[in-house]
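What follows is a short report on a single structure.
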Number of protein chains: 2
Amino acid sequence: MSSTFEEQLSKYADLIVRVGLNLQPGQNLLVTGVGSSVEAAPLVRAAAESAYRAGANYVDVFWSDQYLLQSRLRYASAESLNYVPAWRLKALMEYAEQDAALLAVFAEDPTLLADENPEYMAVQRRAVSEALKPFNDYRRKGTINWTGAAGVIPGWAKQVFPDLPPDDAVAKLWQTVFEVCRINEADPIAAWQSHIGRIMARRQYLNAKQYDALHFTGPGTDLKVGLVANHRWLGGQGETTQGILHTPNLPTEETFTMPHCERVDGVVTASKPLSVSGTLIREFSMTFADGVVQNVTANQGESILRKLTEFDEGAARLGEVALVPHSSPISQSGILFYNTLFDENAANHIAIGAAYAESVENGTKLSKEELRAIGGNDSMIHVDFMIGSAEMNVDGILADGSAEPVMRNGEWAFDVM
Amino acid sequence: MSSTFEEQLSKYADLIVRVGLNLQPGQNLLVTGVGSSVEAAPLVRAAAESAYRAGANYVDVFWSDQYLLQSRLRYASAESLNYVPAWRLKALMEYAEQDAALLAVFAEDPTLLADENPEYMAVQRRAVSEALKPFNDYRRKGTINWTGAAGVIPGWAKQVFPDLPPDDAVAKLWQTVFEVCRINEADPIAAWQSHIGRIMARRQYLNAKQYDALHFTGPGTDLKVGLVANHRWLGGQGETTQGILHTPNLPTEETFTMPHCERVDGVVTASKPLSVSGTLIREFSMTFADGVVQNVTANQGESILRKLTEFDEGAARLGEVALVPHSSPISQSGILFYNTLFDENAANHIAIGAAYAESVENGTKLSKEELRAIGGNDSMIHVDFMIGSAEMNVDGILADGSAEPVMRNGEWAFDVM
């Protein structure tokens with residue numbers, strides 16, 4: 001390709017705005033940063049320009065910076081870590097109630113906070129989760145067209161390509177992001193429409209099956225995950241209550257649905273590390289009984305992972321199960337991104353924490369209590385981790401107990417087109 | 001000096017937090033960006049760390065980015081430029097009502113917006129001024145310990161040192177900022193305390209004189225500026241209503257007071273260019289009669305300047321008059337900073353727009369109407385421009401009409417120590 005970086009970045013921004021958000025003329029757009037989005041200013045600027053060109057009324061950016069949090073964790077008093085300014089919820093609700101479009105820009109250095117006090121991090125994270133809960137509850141209504149996308153920053157690039165000089169690592173990670181996001185295709189937007197169509201066909205097949213459970217087997221994994229009755233397989237495209245079709249997260253390769261949070265049993269071993277607020281958790285396993293995590297082991301970060309599962313009652317149960325073929329472009333890149341947005345699209349995965357209400361019929365109309373009663377998990381967290389590999393098989397268990405192959409050796413075991 | 005850049009930056013941050021803000025243990029600190037503060041992240045991070053070390057409860061940062069405004073001015077609809085999200089005022093008031101400390105980080109590329117539509121810029125600027133007026137009115141109460149300081153960004157450095165490679169320009173501008181802020185002194189905080197003491201002595205002398213007017217003469221300038229009765233000369237240090245001594249703006253070399261907004265007559269010629277929202281106004285003059293701007297001429301940016309004086313009724317009258325010796329470190333550097341924070345400390349200057357209520361006895365207790373009745377100007381803007389030089393004389397006119405020398409050839413004409 002002879003595109004310059006600026007041309008590629010502009011295509012990526014257009015993909016985010018037109019396919020990811022499907023921004024409507026006259027809409028406001030709120031861009032929220034995760035990690036150090038101030039270092040991803042070139043992407044944020046390109047997205048804002050693309051949004052204004054697409055007719056945005058106003059683009060607001062809530063920038064973020066992990067170094068500010070690092071200083072706070074190191075030098076602020078322990079009591080002050082509970083403090084969350086009231087304006088943050090008000091500002092988020094202002095946009096939510098306008099049905100503004102929402103773009104999350106992920107720009108995390110996965111190890112920046114690795115040496116900070118995990119107790120303090122948990123206190124700070126809980127305070128933010130509690131303060132912003134009304135916003136996250138509002139989002140469950142499904143009125144917001146949203147997506148997430150990544151901005152490359154030096155600290156992330158260094159983790160992915162530790163042997164390259166810093167500038168080369170940044171350049172190479174950008175090229176990798178563009179490649180797995182299909183930016184180098186002649187028409188990236190058309191390529192995405194075609195890709196999304198294939199995901200939608202898988203969804204349709206799986207929805208018709210209405211498996212009672214999935215059975216995952218692979219190295220270190222033998223896990224049965226019950227699915228809620230009338231579950232819906234989602235992925236590729238989302239639709240707001242007003243009918244705006246959007247693509248939550250770029251890239252996306254997954255098809256996912258709602259596990260029954262009381263019907264998960266067995267052992268599962270992660271196939272990739274997990275980055276939690278700047279700390280890497282490596283080589284970890286969990287056992288489940290009746291939906292609840294019984295035991296957690298990890299070669300690195302075990303205490304962080306255990307704290308995570310103890311965050312609240314729902315943090316020890318599953319809220320999502322997702323299928324991704326091992327041949328996905330992210331998997332093909334052979335790169336470990338240390339970033340869930342990418343790594344979750346390289347492998348089958350599950351998430352502890354909150355279920356997505358829309359992944360069951362009429363779920364967005366249920367209260368959290370009603371959702372929980374049918375098996376949909378409730379929590380203030382939602383953390384994905386990878387379990388798939390080229391050695392994983394997945395069976396779909398029908399209501400009569402019989403099994404059908406869903407995946408074999410990490411690839412789909414059924415045809416749709 | 002053998003200090004590394006990081007050490008210098010850390011000393012600069014400590015100066016901002018301890019002398020500029022005099023941050024109190026347990027206070028919240030709000031950092032607001034002017035220009036593209038996202039590019040000044042190293043300074044913002046250093047200031048946040050220094051604040052937490054000084055006992056801050058929480059440091060919040062409202063980052064800013066001029067490129068987002070540029071895209072908006074170029075691609076958003078004309079009507080939408082009036083839009084200001086409601087949360088911005090709520091967030092500022094949340095901190096104001098807590099008497100949080102307030103740091104403005106200036107990081108402007110002075111020419112980035114030079115080619116944008118001046119009508120659109122005026123609409124956008126007015127909308128923000130009107131939306132945030134309650135906050136700026138609240139600030140007049142004098143309850144907030146605040147300061148402003150500059151963060152070097154590439155676009156600014158390029159303007160100041162156009163012949164240097166970008167990285168060298170940034171490095172040289174940082175060194176210049178450190179030098180004029182006395183960071184290279186053995187003990188910068190002690191050096192500032194001594195400097196502030198000298199400014200306070202000038203204030204005391206001038207306050208005792210209670211001149212009826214000042215008479216400025218120099219190349220292209222013959223201007224009489226009446227002063228309000230019971231005016232107070234300020235500068236160096238400010239004091240909040242709770243008694244927190246702070247240093248508004250670093251660097252600061254000025255001593256300033258309140259002109260009578262109906263008693264300004266004559267002609268004044270700027271001695272340095274003025275940067276207004278990304279546009280440079282060069283070689284300009286204004287004539288005044290009975291306090292009101294009668295005519296504006298400029299070799300560059302005349303229409304922007306005229307629009308500025310037409311922003312509201314008070315924008316065509318003076319709100320500040322300030323004295324700065326020509327031997328100030330900023331003036332000695334011989335550098336034109338294209339940034340008011342620095343350039344105003346190189347020369348005598350005046351400002352069109354709002355007066356500072358604290359620059360008259362009991363001014364903060366007066367309503368805006370009462371203040372206006374005694375000659376204190378009201379406006380939504382406040383824009384300084386430089387009129388001093390090595391060729392300027394200033395006389396103080398006493399109540400009986402007699403004149404005393406205040407400055408000769410740009411230097412103080414009276415002794416205080």
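The values are calculated or read from the model by the stated rules, or taken from the named source; none is laboratory data. Quick caveat, the model's predicted, so the values are computed rather than measured. Here the Cβ is made from the backbone with ideal geometry for all residues, glycine too, and neighbour counts use every protein chain on show. Accessible surface areas use protein heavy atoms only, side chains included; no ligands, DNA or RNA. Shrake-Rupley method; radii C 1.70, N 1.55, O 1.52, S 1.80 Å.
Counting only protein heavy atoms and a 1.4 Å probe, the protein assembly as shown has 38 square angstrom of accessible area per residue. 3J(HN,Hα) along region B:68-77: 5, 5, 4, 4, 4, 5, 7, 10, 7, 5 Hz, from the Karplus curve 6.51 cos²θ - 1.76 cosθ + 1.60 with θ = phi - 60°, whole Hz, x for Gly and Pro.
Rounded to whole numbers, the Karplus 3J(HN,Hα) couplings from phi for region B:219-232 are x, x, 10, 8, 10, 9, 10, x, 10, 5, 4, 6, 5, 10 Hz, using 6.51 cos²θ - 1.76 cosθ + 1.60 with θ = phi - 60°, and x at Gly and Pro. The listed residues A:Val34, A:Val293, once ranked by accessible area (1.4 Å probe) with the largest placed first, stand as A:Val34, A:Val293. For A:Ser285, the label point sits 7 Å beyond Cα toward Cβ; its separations from the matching points on the remaining copies run 8.8 nm, from shortest to longest. Label-to-label distances for B:Gln98 across copies, nearest first, come out at 2.4 nm, using points 7 Å from Cα in the beta-carbon direction. Estimated at the nearest 10 Å², the accessible area of B:Ile374 is 70 Å² with a 1.4 Å probe.
Relative to one another, the C-alpha centroids of region B:310-327 and region A:1-43 are positioned 42 Å apart. With one equal scatterer per alpha carbon and no solvent term, the Debye-computed log10 I(q)/I(0) for region B:5-180 at 0.10, 0.15 1/Å reads -0.44, -0.94. Buried accessible surface for the B/A chain pair comes to about 3200 Å², total over both chains, computed with a 1.4 Å probe.
Scanning residues 5 or more positions from A:Ala150 or on other chains, those with amide H under 5 Å from its amide H are A:Phe106, with H placed 1.01 Å from N in the peptide plane. Atom-type composition of the exposed protein surface of chain A places 48 percent of the accessible area on carbon and sulfur (1.4 angstrom probe). Of B:His349, B:His382, the order by accessible heavy-atom surface (1.4 Å probe, DNA, RNA and ligands excluded), from most exposed downward, is B:His382, B:His349. Shortest first and in nm to one decimal, what separations exist between A:Lys209 and its copies in the other chains, measuring from label points 7 Å along the Cα-to-beta-carbon line? Nearest first, the other copies' label points are 9.0 nm away. Could you tell me the center-to-center distance, by alpha carbons, between region B:188-239 and region B:70-96 in angstrom? That distance is 37 Å. The listed residues A:Glu283, A:Glu253, B:Glu185, once ranked by accessible area (1.4 Å probe) with the largest placed first, stand as A:Glu283, B:Glu185, A:Glu253. Region A:366-417 and region B:371-417 have Cα centres lying 77 Å from one another.
Contact with the other protein chains removes 50 Å² or more of accessible area, compared with the isolated chain and a 1.4 Å probe, from these residues of region B:24-61: B:Val38, B:Arg45, B:Tyr52, B:Asn57, B:Tyr58. Restricting attention to chain B, the count of lysine pairs at 8 or more positions apart or across chains with alpha carbons under 12 Å apart stands at 4. Interface residues of region B:63-85, defined as a loss of at least 10 Å² in heavy-atom accessible area between the chain alone and the complex of all protein chains with a 1.4 Å probe, are B:Trp63, B:Asp65, B:Tyr67, B:Leu68, B:Ser71, B:Arg72, B:Tyr75, B:Ala76, B:Ser80, B:Tyr83, B:Pro85. Rounded to the nearest 5, what % of DSSP beta bridges with both residues in the protein assembly as shown are antiparallel? Here the antiparallel bridges make up roughly 75 percent for the protein assembly as shown.
In chain B, the DSSP-assigned H stretches of four residues or longer account for a calculated mean residue ellipticity at 222 nm of -9500 deg cm²/dmol, using -39500 (n - 2.57) per stretch and the full residue count as denominator. What the phi angles of region B:89-97 give under the Karplus curve with 6.51, -1.76 and 1.60, with θ = phi - 60°, is a coupling list of 5, 4, 5, 5, 5, 4, 6, 4, 6 Hz, glycine and proline written as x.
Candidates A:Gln27, A:Ala122, A:Val38 compared by Cα position along the dipole of region A:5-180: farthest toward the positive end lies A:Gln27, with charges placed on Cβ.
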